[in-house]
There are 2 protein chains.
Amino acid sequence: MPRPRFDQLPAPKRRRILDAAAEEFAQHGFDGASYNRIIRAAGVSKGAMYYYFDDKQDLFLTTVEDTLARGQEAFGSLDSVLAATDARGFWDAMQGLNRRAWSIFYDDPSLLALGKALLASPGLTESATYRELVARLDGVMRELVAAGVEVGAIRRDLDPALLSAVLLGMGEALDRFLIARVDTLDPAALAGLPERVLDLFVRAAAPAHALSSLVLGARDEPRAAPSDVSDQPLADAPAEAPAEAPAPEE
Amino acid sequence: MPRPRFDQLPAPKRRRILDAAAEEFAQHGFDGASYNRIIRAAGVSKGAMYYYFDDKQDLFLTTVEDTLARGQEAFGSLDSVLAATDARGFWDAMQGLNRRAWSIFYDDPSLLALGKALLASPGLTESATYRELVARLDGVMRELVAAGVEVGAIRRDLDPALLSAVLLGMGEALDRFLIARVDTLDPAALAGLPERVLDLFVRAAAPAHALSSLVLGARDEPRAAPSDVSDQPLADAPAEAPAEAPAPEE
DNA sequence: CCAGGTTTAGACCATGCGGTCGAACCAAAC
DNA sequence: GTTTGGTTCGACCGCATGGTCTAAACCTGG
């Protein structure tokens with residue numbers, strides 16, 4: 001933890017330091033980040049920094065903690081999801097969370113990058129602060145899953161930890177994908193995206209018997225008409241290849 | 001690319017160098033890896049190394065290329081999947097691929113780690129070798145997706161690139177999860193795992209109308225009996241918490 | 001106005017990095 | 001026997017790193 005002196009610093013200076021650190025750590029990860037660069041960017045002397053923080057790790061964890069706290073504040077509570085009484089309501093509420101989360105990450109991508117840096121630094125796992133942070137995130141996830149299970153929105157046939165891991169992985173992949181192409185994607189496609197993204201989560205997480213009632217465009221009749229309204233490709237990809245595979249003959 | 005002299009080295013020495021490099025790069029990523037450590041581990045002098053390779057990046061790309069080639073050889077062809085004529089057959093064949101891939105990664109985790117190191121090194125994206133490697137992997141993925149779409153095993157309503165990204169993300173998360181717990185998991189649960197894992201891929205990738213016929217245990221009737229045979233938790237997770245949430249009242 | 005603790009500054013340290021370079025080695029050619 | 005040229009070696013270079021330390025600047029109570 002930071003020396004108590006740091007907390008007594010004038011707020012703007014504290015912010016300058018934490019912001020510089022957040023950017024550096026988010027960009028390069030813990031190992032790759034340069035303490036010297038942070039010091040330069042923050043406009044503080046080395047002596048002062050080592051007067052505030054024990055070492056690089058101390059600064060890093062303080063930065064993560066601060067960023068997380070700010071993100072959490074922006075995020076608000078999970079009540080809407082926890083209050084759901086049926087599967088549909090649960091996923092609708094999750095959609096809301098999803099939107100909120102997305103806009104937060106969009107506003108401040110360093111939050112996500114910092115989280116990744118935290119998880120990717122094996123040397124830090126011993127630190128108490130680290131454990132506490134991870135436990136907090138894990139607790140949130142468990143709470144959500146438990147609530148979903150209770151209302152039949154989430155399958156019980158998978159280890160919740162595995163399910164969490166998979167959902168996080170999907171989310172990360174989606175984030176990467178979208179961040180990489182947010183400027184090149186058709187705005188219209190972008191608008192319909194949250195529904196489709198959530199649909200992916202539902203597909204992975206819902207109980208098998210509830211899939212047909214929760215998944216977009218799923219019918220009880222196994223073979224629907226080949227051209228469905230919702231079967232429009234998302235982006236420009238189909239412009240290349242669709243001619244050669246007109247319709248499955250089966 | 002490596003100086004041609006490297007290829008003329010006696011095979012065992014070449015192997016020693018590439019193995020040392022693969023381990024170091026897999027463990028620390030490109031930036032984190034130490035050329036000096038590799039040199040020490042390989043038992044070669046620095047001068048010799050710089051006689052074989054232009055620089056660190058040259059060694060890295062050569063290592064990746066070599067490892068990938070060896071992995072590809074072990075992996076074999078995609079014919080079984082490309083030859084499928086219906087959705088079920090496609091996914092059955094994918095199951096086979098999945099098993100093969102898993103056993104390869106299990107035997108030699110450095111392959112996966114090297115791939116990650118490659119993707120995580122933004123500075124290398126300009127290199128021609130890098131582009132070629134990525135293009136090769138991307139081509140394989142496109143081929144598979146195209147085949148799946150043709151037989152109705154893969155949805156068309158999502159940009160294939162996005163779908164690939166999500167599936168890769170899921171796979172990565174699963175790998176991480178399993179690698180982390182492979183020793184603590186119940187062997188019985190482990191045995192049934194490939195089916196469940198593939199089921200996750202099917203859920204994400206199949207067309208909506210085919211879900212009920214492809215997903216494990218999906219019924220057309222939305223509300224099945226609460227205790228289904230396949231509704232057994234996968235691992236030890238329930239041993240901790242089940243007492244406080246005995247049964248959903250629904 | 002000064003004493004004495006608190007805070008700041010930045011030169012300095014050891015270490016490790018990727019990369020260079022001139023010398024040594026050695027087998028084949030003359 | 002000497003020269004040549006491909007190969008190997010490791011000391012060395014400049015640089016950046018995380019971290020230390022001393023001396024000056026600053027502030028505040030007496």
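The values are calculated or read from the model by the stated rules, or taken from the named source; none is laboratory data. Remember, it's a predicted structure, so these values are computed and weren't measured experimentally. Using ideal geometry, Cβ is built from the backbone for each residue, glycine included, and neighbour counts are taken over all protein chains shown. Each accessible area value is taken on the protein alone, full model and side chains, heavy atoms only, with ligands, DNA and RNA left out. Shrake-Rupley method; radii C 1.70, N 1.55, O 1.52, S 1.80 Å.
Numbers for the structure displayed
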| item | result |
| --- | --- |
| Fluctuation leader among B:L216, B:L190, B:L118 - chain B, Gaussian network, Cα springs under 10 angstrom | B:L190 |
| Gap separating the Cα centres of the range A:164-194 and the range B:192-210, nearest whole Å | 21 Å |
| Extent along principal axes [Cα atoms of the protein assembly as shown; Å; largest to smallest] | 67, 65, 47 |
| Helix-only CD estimate at 222 nm, as mean residue ellipticity for the protein assembly as shown, using -39500 (n - 2.57) per DSSP H run (n ≥ 4) | -20500 deg cm²/dmol |
| Cα centroid separation - the range B:40-61 against the range B:63-110, whole Å | 31 Å |
| Column: log10 I(q)/I(0), Debye, Cα scatterers of the range A:4-218, q = 0.09, 0.12, 0.16 Å⁻¹ | -0.44, -0.73, -1.12 |
| Residue order for B:L174, A:L82 - accessible surface, 1.4 angstrom probe, largest first | A:L82, B:L174 |
| Per-residue mean of C-beta atoms belonging to partner chains within 10 Å, peptide B:174-183 | 3 |
| Listed residues A:E150, B:E172, B:E24, B:E73 arranged by accessible area, highest first, probe 1.4 Å | B:E73, A:E150, B:E172, B:E24 |
| By average C-beta atoms within 10 angstrom, highest first, the peptides A:158-167, A:85-94 | A:158-167, A:85-94 |
